[in-house]
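Notes follow the structure.
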Amino acid sequence: MKPHQTVKYAVNVNQFTHLDDFDGMIEFVKTAEANGYDKCRFIDHIVGVEVEKHPSMVYTPYTHKSNFNEVFVLMGYLCAMTSKIKLVTGVLGLPQRQTALVAKQAAQIDNLSGGRMLLGVGLGYNEVEFRALETDFKKRARRFEEQLDVLRMLWTQEVVKFQGEFHDLDYVNVNPLPVQKPIPIWIGAGRTENPVPPDKVLERIGRKGDGWCPLFQIKEGDHTLDASEQEAIRKVADYAREAGRDPSTIDLELGYFPIGKSKQQIEDEIAALHELGANHIHIRFKVPTAREQIDSLKWFRDIIS
């Protein structure tokens, strides 16, 4: 068996935030499941921002004109329409949200789907969103770390007693508990224009993540990730060992853009990503319409079959 045939493939509905085509998005998810994709990722922004009013804001392709379906409601809607594909927040701005509510919502999706929930989380990057949600942008990293612990407690314990810097849980619980105890938490990190996260973020992933999904990608003319991205992967493994963890238990999902490439190039590049430790590949289609997105699912499946 070729190495890339052991890889699990994910897709996302990000392009549909720019399209007024809800039915097309639903068809995309159903088609992904029918064609054997392992998971589908759903973008999370609670509010959109009119970026022209905020010239100093960090660049984002998503604005007040983007279509942001509430991620947990959407996944709940899809639970009854799907039976195999995993449903992934890709990624949830965790520090913007109440932790116990996230635990409750994710547990509900996990139960409705029969254990197909995967929680992808990130720090968030847009201070304007944080203000709109009445949360503290500057404290988001410390809050995020504590949230990871609290989520896992709420998903595994009958009753939780915990007091930290940001949480006061006085013999409370979420019931019913999820099918998965706990639900896997994957950490997203980096920005498209600056994909390699700082060492403190890599250390957090190695210490606390069940998996991670950086924005690394093979650049035009290359056949594998560049040296800085490969070094980041090694650092996460080193930090995991320092924390007493087995790095092989931390999943790595890398993004890949296949459009315009030959079958041989796709096979070689996916094998190269697999060699770097990625058993999960996030396939991204740079095509503008719902029909092209859906057709691309079938095209790529034929390529790797």
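Quick note: the coordinates plus some simple rules give every number you see, no bench work behind them. Values in this document were obtained by computation on a predicted structure and should not be read as measured data. A quick note on method: Cβ atoms are made from the backbone with ideal geometry, for glycine too, and the neighbour counts reach across all protein chains shown.
Brief remarks on what is shown
- Residue check, L252 in a loop (DSSP other than H, G, I, E, B) and either buried (at least 19 other Cβ atoms within 10 Å of the Cβ) or touching a strand residue (DSSP E or B) at 6+ places or on another chain (Cβ under 9 Å) (or both): no
- Residue match in the range 128-149 (condition: closer than 30 Å to S248 by Cα, surrounded by 20 or more Cβ atoms within 10 Å (Cβ to Cβ) and among the small types (G, A, S)): no
- Tally, over the range 289-304, of residues that are closer than 18 Å to F22 by Cβ and either touching a His at 6+ places or on another chain (Cβ under 8 Å) or in a helix (DSSP H, G or I) (or both): 6
- Residue in the range 287-301 that is in contact with a helix residue (DSSP H, G or I) (Cβ under 7 Å, 6 or more places away or on another chain), closer than 30 Å to V150 by Cβ and crowded, with 18+ Cβ neighbours inside 10 Å present: no
- Every pair of residues 6+ apart whose Cβ atoms lie under 6 Å, when the first sits in the range 249-270 and is hydroxyl-bearing (S, T, Y) while the second is surrounded by 15 or more Cβ atoms within 10 Å (Cβ to Cβ) and part of a strand (DSSP E or B): Y256/I281; Y256/I283
- Lone qualifier among Q217, Q180 - being of a type in the set (S, T, N, Q), in contact with an Asp or Glu (Cβ under 8 Å, 6 or more places away or on another chain) and not in a strand (DSSP E or B): Q180
- The residue that is surrounded by the fewest Cβ atoms within 10 Å (Cβ to Cβ), counting only those in the range 167-191 that are in contact (Cβ under 8 Å) with a residue 40 or more places away in the chain, over 15 Å from S113 (Cβ atoms) and under 24 Å from the mean Cα position of the chain (by Cα), is R191.
- Tabulated pairs, the range 49-74, first more than 12 Å from E129 (Cβ to Cβ) and in contact (Cβ under 8 Å) with a residue 12 or more places away in the chain, second in a helix (DSSP H, G or I) and among the aromatic types (F, W, Y), C-beta under 9 angstrom, 6+ apart or interchain: N67/F16; N67/F22; N69/F16; N69/F22; N69/Y77
- Only residues that are within 26 Å of R142 (Cα to Cα), of a type in the set (A, V, I, L, M) and in a strand (DSSP E or B) were counted across the range 53-104, and they come to 3.
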